[in-house]
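Single-structure report; data block below.
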Amino acid sequence: MSLTRREMCFLLPSTLLPVLVAGTPSEQGNSLPSAMYPFDKMPLHTSSTAATRAVLKGKLGTGESLEVHETTLPPGAAPHPPHHHAHSEMWLIREGTVDITVNNTTSRLGPGSVGFVSSNDEHGIKNVGPTPAIYFVVAVGPGAA
C-alpha cells in the first residue's frame, strides 16, 4: 500500500501524539516507581530552624517533577523567609498551628488542614502555636525535583 504526501501529512500527527503525551520511553523509564515510604526509613535533616524528612523526589510518568517532605517546626519558627518559585506547593498540616502567608494574605491552619500555593506566588509558613508544628509539603512542577 502506498500513501500520498497528503495522506502522510494527515497520519503524522496521530503517530506523534502518544510520544508527545506520554513522553519518550527514556523519560518514562526514569519516572518514580510505585513505592512505599516507611517513616523510620526517611532520612532526617536538622537545621537551626526546622527538622525535615525527605520522602521522595523525582519525575512522574506524566512528566511533572514531584518532591515530598515532612517538616517539624518548633514554636515561633519559620523554615525560611517568604519566597516564590516556579513549582506549586501544598501543605498538609498534621500537628500544631501554622500561619501560611500567600501574597501578603495570612491564614491560620491546624491539624487536618491543607494549604496550597500556585506557581510564583510569594509564600511563607510559621509555627504560631505553643507546640511543634508538623506538616508535609508536596511540591509539583518545574524545579520540584
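Each reported figure results from applying straightforward, stated rules to the coordinates on display, with no laboratory input. Note that this is a predicted model, so its numbers are computed, not measured. A quick note on method: Cβ atoms are made from the backbone with ideal geometry, for glycine too, and the neighbour counts reach across all protein chains shown.
Data table
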| item | result |
| --- | --- |
| Charge context of His84, other residues only, Cβ under 12 angstrom, K/R +1, D/E -1 | -3 |
| Neighbourhood net charge (10 Å Cβ-Cβ; Lys/Arg +1, Asp/Glu -1) for Val68 | 0 |
| Neighbourhood charge, 12 Å Cβ-Cβ cut-off, centred on Ser113 and excluding it, Lys, Arg +1 and Asp, Glu -1 | 0 |
| Cα gyration tensor shape for the range 39-140, rounded if a/c is under 1.5, else prolate or oblate | oblate |
| Part-to-part distance (alpha-carbon centres) for the range 64-137 and the range 36-55, which is given in Å | 16 Å |
| About the Cα centre, charge dipole magnitude for the range 39-140 (Lys/Arg +1, Asp/Glu -1 at Cβ), debye | 180 debye |
